[in-house]
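The values are calculated or read from the model by the stated rules, or taken from the named source; none is laboratory data. Not measured: the values here are computed from a predicted model. Every residue, glycine among them, receives a Cβ derived from its backbone with ideal geometry; neighbour counts consider all protein chains shown. Keep in mind that these areas ignore ligands, DNA and RNA; they rest on the heavy atoms of the full protein, side chains included. Shrake-Rupley method; radii C 1.70, N 1.55, O 1.52, S 1.80 Å.
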Amino acid sequence: MPKISFLGAGRMASAMVEGLLARHVCAPADLCCNDGGDGTAAALAARTGVRAAGGLAELVASAETLVLACKPQQLAGLDPSLAGLAAGKLVLSILAGTRLDRLAQVFPGARNIVRAMPNTPGQIGAGITAWSPRSPLSGSDRDTIEAVLGALGQQLEVPEAQLDAVTGLS
């Protein structure tokens, strides 16, 4: 499994990290997290053994996949250097209501972008997460997305136009 970094260390990011570790999909050394200064990354690192990054460059440097797990309203205020740091990476967004075309504006050099909508039962591994890629995924990127989202429970690829409806039902 490639190295995965989480921008945000709140409930859903924590659930993903803990699910990946519990299912032995990743080792703690393969995961890194960062937060907006609220201490959630340090708490997650202390609880799980993953690395808490001190800054964006450290967060993204060795990652193949960047999971956007901050609050949707924080997207516009992210450090502009993140776009360059994420070039060539797979970006997975769990930002509610943030469409793929908007994510592509923020991350124009990303290898691919996937929008996902996990639901609350994912916090205990019983969720259903619908997801949609910007363009068709390579085999290894699909494996990564299915593993990360599978850490929350079941996962299902759908066209983006159906994402909100599926999320509402789940």
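Some points to look at:
- Looking across the stretch 125-152, the residues that are assigned to a strand (DSSP E or B) and open to solvent by less than 60 Å² (accessible area, probe 1.4 Å) come down to Gly127, Thr129, Ala130, Trp131, Ser132, Pro133.
- So Glu58, is it over 15 Å from the mean Cα position of the chain (by Cα) and open to solvent by less than 60 Å² (accessible area, probe 1.4 Å): no
- Failed item in (1) surrounded by fewer than 18 Cβ atoms within 10 Å (Cβ to Cβ); (2) closer than 19 Å to Cys70 by Cβ; (3) of a type in the set (Gly, Ala, Ser), with Gly88 passing the rest: (2)
- Test set (1) closer than 15 Å to Ala15 by Cβ; (2) out of contact with any Pro (no Cβ under 9 Å at 6 or more places or on another chain) - Leu152 fails condition number: (2)
- The condition of being over 15 Å from the mean Cα position of the chain (by Cα) and open to solvent by 70 Å² or more (accessible area, probe 1.4 Å) holds for only one of Ala165, Ala161, that being Ala161.
- Asp38 fulfils the conditions (1) surrounded by fewer than 13 Cβ atoms within 10 Å (Cβ to Cβ); (2) acidic (Asp, Glu); (3) touching a helix residue (DSSP H, G or I) at 6+ places or on another chain (Cβ under 6 Å) except for a single criterion, (3).
- Among the residues making up the stretch 36-72, those that are within 19 Å of Leu20 (Cα to Cα) and out of contact with any strand residue (DSSP E or B) (no Cβ under 7 Å at 6 or more places or on another chain) are Thr40, Ala43, Ala46, Arg47, Thr48, Gly49, Ser62.
- Some residue of the stretch 125-135 being at pLDDT below 95 and not small (Gly, Ala, Ser): yes
- Subset of the stretch 97-124 [aliphatic (A, V, I, L, M), under 18 Å from Pro159 (Cβ atoms) and modelled with pLDDT under 95]: Met117
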